[in-house]
Every structure is written in structure tokens, then in C-alpha cells.
Amino acid sequence: MLKEERHQKIVDLLNIEQKVIASDLSQRFNVSEDTIRRDLKELDGQGLLKRVHSGALRVGPPITDFNYRETVASDRKKELAHKALPFLKEDSVIIIDGSTTNLALAKVIPQDFRATIITNSPPIAMELAQHPNLEIINIGGVFYKQSMINIGVQAFKQLQNIRADLYIMGIYNLDLDAGTSVPTTQESEIKREMVRVSTEVLGMITNDKFGTISNHIVGPVDDLTYLISEEIPDKVRKEYNKQKIVLID
């Protein structure tokens, strides 16, 4: 088998199985593990997968403009948002960080809902500004235009003085072994602090984000109390049911 053909088959397997193991690939293609490791290194360099210790995972979606991402799968994100509404309790303190799915949630919060919302996302703060019974606390800091969020030392320090009942985490990538991950270091630091200061954590993801990874790890999957998705594959469901996570689809 030519190297190029083997590379394509590895990518095809990864899209089907979400994760490939070097030792398994070595047996499937009847080549050495060193050859497979070189294959994975080349494919990683081409941005077609992300190498991990034992093999490779699918790469997460490319970093694109927030306004563009808001238009992608908007109906699916709205469905996830409606599923999340019952987890928002009145008179509680809720952290909502920046993501287009979290913005979809902000858009469906009832007008008369009463709570304290803490956010580092100016679009979410603006969306909720006309809710008369919401107290909105903005987390300041350096404005990261790509994700439309405030990050940095100032944001981190503000979070240290907060205790929240629920943190609604915007999730870029999720893998059972790697956990949640994001493209930038500062985003990962802010998310970790939001997890630390919150009693429960809820995430919403479209099902294409299962088994993907970015460069900066936020934390293990069991940081999540609730995970809301759609049409979860049976294999994925079985794996996640072993964790202490309430899985909703």
C-alpha cells in the first residue's frame, strides 16, 4: 500500500471511529509502529489530525470569526439552548462564558427570568440587557475579538472573588481522555477558574465535537455535571455514561 493511500485510510478511520491507536493501525496496515508514528506526525503537520500519546484524535473546527460561527448550525444550537433552560434556576448565580451556543441560550432565556448572570462575553451581556429581573455582572479584561470575550489577568482576578451555582461552559472540543480543550492558553485559564468557582458545570455541544481536541486543555470531562448534545451515537453514550455526567440529548 502506498503511503498516500495509507494516510487517506487513517483519516477515514479517524472520522468514523473518532480516535485511532498507533498499535492498532500498525496491525491493520501490517507496518511498524514507527511507520505509523511518522504517518501521524505528517498528518498532524498537515492539520488533518491531532497526535496524542497513544495515537491521534480529530482536530477541532478551525478558529473562525465569531459572527460567522453564529450563522453555522444555528437551528441546532437553538435546540440545545432550549434543552438547557430547565437547568437555569431562578434566584441563582450563573456564569455564562462566550460561545455562539451560549449566545443562543441567552436569546431564549425568558424575559421575566430572575437571577444574577456573570459573563465575560459582551454579546451575551447585550442580549440580556433588556431583561428587567436579571442582574448582569460583566467580567472585564483584554477583549479577544476572535471569540468576543474578555480574558487576561483582570478577568482571572475578578473570578477569584465569585461563587456561582452554575457555570455554562462554551465548549470548543471534547474528548473522553483529553477532556475539554480550546485554541488559546488564556481562554483555558479563564475557563478553569470558572469551573473552580462554580458548584455545577453545564456544557452544550453539537455531536460533531465529540472526540476532538485543541492545543490547550481546560480540564477532564468529569468537570462537567451536565452535558447536552444531539443524536448521541450509542458508542459515545456508553463511554460517557461511565463518567459522573448527566448526558442529555
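The values are calculated or read from the model by the stated rules, or taken from the named source; none is laboratory data. If you're wondering where the values come from, they're calculated on a predicted model, not measured in any experiment. FYI the Cβ positions are ideal-geometry reconstructions off the backbone, even for glycines, and counts take in every protein chain you see. These accessible areas exclude ligands, DNA and RNA; they are computed on the full protein's heavy atoms, side chains included. Shrake-Rupley method; radii C 1.70, N 1.55, O 1.52, S 1.80 Å.
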>> I need a count of the residues in segment 146-180 that are open to solvent by 30 Å² or more (accessible area, probe 1.4 Å) and over 19 Å from Leu57 (Cβ atoms).
In response: 11
> Can you name the residue in segment 1-59 that is in contact (Cβ under 8 Å) with a residue 40 or more places away in the chain and of a type in the set (Lys, Arg) and, of all such residues, is farthest from Asn207 (Cα to Cα)?
Replying inline: Lys50
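So, Arg28, is that one under 24 Å from Asn215 (Cβ atoms), of a type outside the set (Asp, Glu) and either open to solvent by 80 Å² or more (accessible area, probe 1.4 Å) or in contact with a Leu (Cβ under 9 Å, 6 or more places away or on another chain) (or both) or not? Before you say what the answer is, go through the steps one by one.
Details: under 24 Å from Asn215 (Cβ atoms): no; of a type outside the set (Asp, Glu): yes; either open to solvent by 80 Å² or more (accessible area, probe 1.4 Å) or in contact with a Leu (Cβ under 9 Å, 6 or more places away or on another chain) (or both): yes.
No: the conditions fail for Arg28.
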> Going through segment 181-202 one residue at a time, which ones are in a helix (DSSP H, G or I) and free of Cβ contacts under 8 Å to residues at least 40 places away in the same chain?
Replying inline: Thr185, Ser188, Glu189, Arg192, Glu193, Val195, Arg196
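Answer with yes or no whether Lys107 is of a type in the set (D, E, K, R), part of a helix (DSSP H, G or I) and either at pLDDT 95 or above or crowded, with 20+ Cβ neighbours inside 10 Å (or both).
Values: of a type in the set (D, E, K, R): yes; part of a helix (DSSP H, G or I): yes; either at pLDDT 95 or above or crowded, with 20+ Cβ neighbours inside 10 Å (or both): yes.
For Lys107, the condition - of a type in the set (D, E, K, R), part of a helix (DSSP H, G or I) and either at pLDDT 95 or above or crowded, with 20+ Cβ neighbours inside 10 Å (or both) - is met.
Residues of segment 208-249 being open to solvent by less than 50 Å² (accessible area, probe 1.4 Å), charged (D, E, K, R) and either at pLDDT below 85 or in a strand (DSSP E or B) (or both), which ones? Walk me through it before giving the result.
Pass one, segment 208-249, residues open to solvent by less than 50 Å² (accessible area, probe 1.4 Å): 209-214, 218-219, 221, 223-230, 232, 236, 240, 245, 247-248.
Adding the requirement that they be charged (D, E, K, R) leaves 209, 223, 230.
Residues satisfying the conditions do not exist here.
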>> Restricting to segment 181-206, name every residue that is out of contact with any Lys or Arg (no Cβ under 8 Å at 6 or more places or on another chain), among the hydrophobic types (A, V, I, L, M, F, W, C) and surrounded by fewer than 22 Cβ atoms within 10 Å (Cβ to Cβ).
In response: Val195
